[in-house]
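The structure under discussion appears below in the form of structure tokens.
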Amino acid sequence: MTFRNSVVTALCVAAAAATIIILPHVVELFTIINATIYASMAILTLSLALVWGFCGIISFGQTAFFGLGGYAYAVAAINFGDSTPAIALALLVPTLFAGLLGYFIFWGRVTDVYLGVITLTVTLILYKLFNATAGDAYHIGKAALGGFNGIPATPLMNLPWDRGTTLEPEDIWYVAATLLCLAYAFVRWLLSTKLGHLMIAIRENEHRTELLGYDPRRIKLAAFTIGGAMAGASGILFANCVFVSPTMFSLLYTAQVIVWVIIGGLGTLAGPIFACFLLQMITAELGRLNWLNPNFVLGIILIAFVLLMPSGILPTLQRMYDKITWPILLQKSVRKRPAQ
Amino acid sequence: MKPKAIIETQGLVMRFGGVEVLRGIDFAIEYGELRCLIGPNGAGKSTFFKCITGQLRPTAGSIKFKDEWVTAADAVSIARRGMGIKTQVPSLYDGLAVREHIRLAAGRHLMRHEVAAAVDDVLERFAIRHLATQIVGRLAHGQRQLVEIAMVTASDPDLILLDEPAAGMTHQEVERLAELIHELKGNHSLIIVEHDMQFIQMIARRVTVLHQGRILLEDDVDHVMRDEQLRDVYLGRRTHGRDVSKT
């Protein structure tokens with residue numbers, strides 16, 4: 001890492017830490033809860049940014065793992081009365097589900113649009129399934145699944161192994177924002193490892209990767225499972241700031257996450273996170289103003305981006321930055337060159 | 001004692017629907033040998049490569065690689081057993097840098113701390129150090145060919161298959177490639193598909209001529225060059241062993 005990069009990284013970390021700490025002291029509770037929702041959705045977006053943007057797997061199934069994480073957390077927390085083992089179980093369930101689904105998909109050599117169709121179908125099956133759980137017959141232990149209404153009384157997180165101390169919304173913001181930063185750092189680290197390089201290699205040319213002796217199925221399964229675990233973690237946080245319901249599996253969320261990744265920039269990490277925050281803030285503001293349907297505006301934004309800025313916000317900004325700085329750098333290097 | 005073959009095919013047949021592209025190929029090369037495979041377009045050379053690398057499962061016949069039957073093996077396991085291929089149309093990672101290509105190939109069989117040195121060595125041997133940070137998608141065709149061969153070499157296979165390695169290269173690049181192939185010959189067995197006869201004379205001793213899915217001829221390069229049959233085949237005057245110009 002160059003000195004310049006180290007300085008930029010240090011400044012980013014400091015800015016993120018300052019924002020996380022200061023925010024609850026300067027904004028009202030409603031905004032903190034909203035920010036927590038955005039942070040949890042940003043982790044979901046990051047999972048798709050990894051799976052699709054870096055491994056080339058077009059997955060519509062991230063919301064399936066998101067919903068499973070949320071439901072597993074709510075059901076386990078109600079039954080255990082303590083969020084600590086519930087969180088562990090809620091991470092395990094979507095991870096195992098993603099691993100199993102991924103195994104059948106990748107060993108079945110399902111690729112491209114068919115993969116998208118299968119993951120979307122699985123998500124919609126779960127949506128229908130959880131919608132059909134209304135009534136007393138549908139419960140797991142003490143937790144009634146609640147059908148369309150979901151589980152409104154989703155227990156909030158408590159301090160580890162201390163069920164008496166429930167976290168306040170401000171604390172949950174700290175947890176969600178810190179987890180988002182950790183997830184971002186984790187994905188950055190993952191992409192710098194051999195596995196990360198192989199994910200990118202598969203995105204670029206799966207056939208060549210095979211001819212070099214790497215098994216693409218294993219690498220894609222690893223990426224898909226990691227993405228599933230991240231989406232599950234996002235579901236746990238979401239359950240702590242809203243509540244769990246079949247909406248978590250809905251087409252709306254599935255589409256939104258894809259839109260955020262496209263607008264932020266496929267093949268980037270910070271771009272989709274930025275787009276996730278920005279577009280959710282725009283949607284919330286439009287909802288508040290109540291003069292245009294937020295989803296209609298979101299659709300127009302997506303069309304505008306696809307037509308005018310197809311590579312997304314971050315790559316476009318990067319290109320603009322390069323255009324500005326390259327002539328300056330070139331001039332400097334010409335000046336430095338000794339006279340002939 | 002008969003020298004040991006690194007690869008051997010027996011009665012290899014590949015059929016696509018009603019079209020028989022390979023019609024019972026019996027082929028073998030020894031450890032450390034360099035063999036050129038020539039023949040007109042449609043002779044079945046690339047299909048033969050695809051069959052022995054596990055990209056296609058042959059309709060009939062068998063393939064033995066390093067004393068093990070690999071007829072039903074997939075491309076990954078054959079590559080892991082030590083076979084590397086440079087495909088006819090360069091198969092590269094267009095969005096990645098040259099160094100990244102070599103690193104991916106070397107990283108498959110080397111320990112983490114050995115990779116950097118191996119990458120530098122390959123970049124040096126192929127004289128592509130100046131391209132190390134270049135994105136492969138932006139390189140000229142000849143350079144892309146060279147990068148692919150370098151990548152295949154970096155994975156250190158026992159048998160290297162090169163499908164038209166000199167295509168699209170400048171005269172200087174072809175000469176450099178011939179030198180490189182001579183260097184590779186010491187440590188690897190090679191099968192090279194090529195159309196450029198001058199290049200073949202620069203690199204090979206033995207040549208196998210493929211025509212309409214069959215082996216037509218197998219001999220020393222000088223004999224093959226003088227052979228009437230080969231001339232007829234390339235001029236389209238011979239099919240199925242009969243002279244079409246007389247029909």
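No value in this document is a laboratory result; all are computed from the given coordinates. Bear in mind that the values here come from a model prediction, so they are computed numbers and not experimental data. Heads up, the Cβs are rebuilt from the backbone with ideal geometry, glycines too, and the neighbour counts pull from every protein chain shown.
Summary of values
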{"read-out": "Theoretical ellipticity at 222 nm over chain A - DSSP helices of four or more residues, -39500 (n - 2.57) apiece, nearest 500", "value": "-25500 deg cm²/dmol"}
{"read-out": "Principal axis box of chain A, alpha-carbon based, largest edge first, Å", "value": "88, 54, 44"}
{"read-out": "Amide H within-cut-off set for A:M157, under 5 Å, with H built and near neighbours excluded", "value": "A:L167"}
{"read-out": "Protection proxy ranking of A:180-187, A:220-227 - average other beta-carbon atoms within 10 Å, highest first", "value": "A:220-227, A:180-187"}
{"read-out": "Separation between Cα centres of the stretch B:161-190 and the stretch B:59-122, rounded to whole Å", "value": "17"}
{"read-out": "Table column - 3J(HN,Hα) (Hz), the stretch A:216-232, Karplus curve with 6.51, -1.76, 1.60, x for Gly and Pro", "value": "x, 4, 5, 5, 5, 5, 4, 4, 5, 5, 4, x, x, 5, 5, 5, x"}
{"read-out": "Relative contact order (%) - chain A, alpha-carbon pairs under 8 angstrom, separation at least six", "value": "29"}
{"read-out": "Residue with peak Gaussian network fluctuation, chain B [Cα springs, cutoff 10 Å], from B:M83, B:M111, B:M14", "value": "B:M111"}
{"read-out": "Using θ = phi - 60° and Karplus 6.51 cos²θ - 1.76 cosθ + 1.60, couplings along the stretch B:201-207 (whole Hz; Gly, Pro as x)", "value": "5, 6, 10, 10, 10, 10, 10"}
{"read-out": "Top positive-direction residue, dipole computed over the stretch B:196-238 with Cβ charges, set B:H223, B:I203, B:G213", "value": "B:G213"}
{"read-out": "Sequence-separation-based contact order of chain B, relative, with Cα cut under 8 Å and 6+ spacing, percent", "value": "25"}
{"read-out": "Rounded to 10°, Cα long-axis angle of helix A:169-192 versus longest principal axis of chain A", "value": "50"}
{"read-out": "Whole-percent pair-distance distribution, where bins are 10 Å wide, for the alpha carbons of the stretch B:24-95", "value": "16, 51, 30, 4, 0"}
{"read-out": "Total formal charge among the other residues, if their Cβ is under 14 angstrom from that of A:T31, Lys/Arg +1 and Asp/Glu -1", "value": "-2"}
{"read-out": "Karplus-derived 3J(HN,Hα), 6.51/-1.76/1.60, for each residue of the stretch A:266-273, Hz, glycine and proline x", "value": "5, x, 10, 10, 5, x, x, 5"}
{"read-out": "Around A:I200: net Lys/Arg minus Asp/Glu count, Cβ-Cβ under 14 Å", "value": "+3"}
{"read-out": "Distribution of pairwise C-alpha distances over the protein assembly as shown, 20 Å bins, in %", "value": "17, 41, 28, 13, 1"}
{"read-out": "Set A:K194/B:K185; A:K220/B:K66; A:K194/B:K86; B:K45/B:K185; A:K194/B:K4; B:K50/B:K185 screened for pairs whose C-alpha atoms are more than 27 Å apart", "value": "A:K194/B:K185; A:K220/B:K66; A:K194/B:K4"}
{"read-out": "Dipole moment magnitude, nearest 20 debye, the protein assembly as shown about Cα centre, only Lys, Arg, Asp, Glu C-beta charged", "value": "580"}
{"read-out": "Ordering of A:171-177, A:44-50 by burial proxy (mean other Cβ atoms within 10 Å per residue, highest first)", "value": "A:44-50, A:171-177"}
{"read-out": "Which of A:T45, A:M199, A:I151, positive extreme of dipole for the stretch A:8-257 (C-beta unit charges)", "value": "A:M199"}
{"read-out": "Helix A:29-51 vs. chain A, principal-axis angle (Cα, 0 to 90°, nearest 10)", "value": "70"}
{"read-out": "Dipole moment magnitude, nearest 20 debye, the stretch A:8-257 about Cα centre, only Lys, Arg, Asp, Glu C-beta charged", "value": "660"}
{"read-out": "Acute angle (nearest 10 degrees) that the helix A:112-131 long axis makes with the longest principal axis of chain A, alpha-carbon atoms", "value": "30"}
{"read-out": "Net charge dipole size for chain B [Lys, Arg +1 and Asp, Glu -1 on Cβ; Debye, nearest 20]", "value": "600"}
{"read-out": "Kirkwood Rh, Cα atoms: Rg over Rh of chain B", "value": "0.98"}
{"read-out": "Shielding by other protein chains, A:198-210, mean Cβ within 10 Å", "value": "5"}
{"read-out": "Within 10 Å of each Cβ in B:205-217, the average number of Cβ atoms from other chains", "value": "0"}
{"read-out": "Of A:N131, B:F48, A:T111, farthest towards positive along the dipole that unit charges on Lys, Arg, Asp, Glu beta carbons give the protein assembly as shown", "value": "B:F48"}
{"read-out": "Residue-averaged beta-carbon neighbours from other chains (10 angstrom radius) around B:73-79", "value": "4"}
